[in-house]
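Engineer: Let me give you the structure first, and then I'll get to my questions.
FYI, it's all coordinate maths here, none of it is from the lab. Remember, predicted model here, so these are calculated numbers, not experimental data. All Cβ positions, even for glycine, are placed from backbone atoms using ideal geometry, and neighbour counts span all protein chains on display.
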Amino acid sequence: MFFPFETMPPLMAWLGNVLPITMGIRALDAVLIYQQGFDVLVGHLVPLLGYGIAGLGLAYVLLRREVMG
């Protein structure tokens with residue numbers, strides 16, 4: 001289900017804003033719909049890169065624990 005962030009309680013709106021899918025959608029909106037430049041796109045992609053690096057690091061640790069344990 002999709003709900004507008006304006007109608008959500010503050011905690012749920014905050015959680016929705018930090019999800020990677022929301023950041024990706026906003027990046028696509030900025031480039032495809034509003035035709036903004038690369039500087040705006042970078043502001044959306046840096047957190048996504050952080051999520052990716054954290055996910056790979058977590059996967060590495062969990063896989064290493066599984067293989068060694």
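Engineer: Calculate the translational D of the range 21-68 in whole µm² s⁻¹ from Stokes-Einstein, where the hydrodynamic radius comes from the Kirkwood formula applied to all Cα pairs, the temperature is 4 °C and the viscosity 1.567 mPa s. Write out the running numbers ahead of the final one.
Structural biologist: Values: Rh = 12.2 Å.
It diffuses with D of about 106 µm²/s by this estimate.
Engineer: Only loop residues by DSSP count here, and only those with at most 11 other Cβ atoms within 10 Å; note down the chymotrypsin sites (Phe, Trp or Tyr not before Pro) in the chain that meet that. Display every interim value, and only then the final one.
Structural biologist: On the way: sites: Phe2, Phe5, Trp14, Tyr34, Phe38, Tyr51, Tyr60; in loops: Phe2, Tyr34.
Listed in order of number, the matching sites are Phe2, Tyr34.
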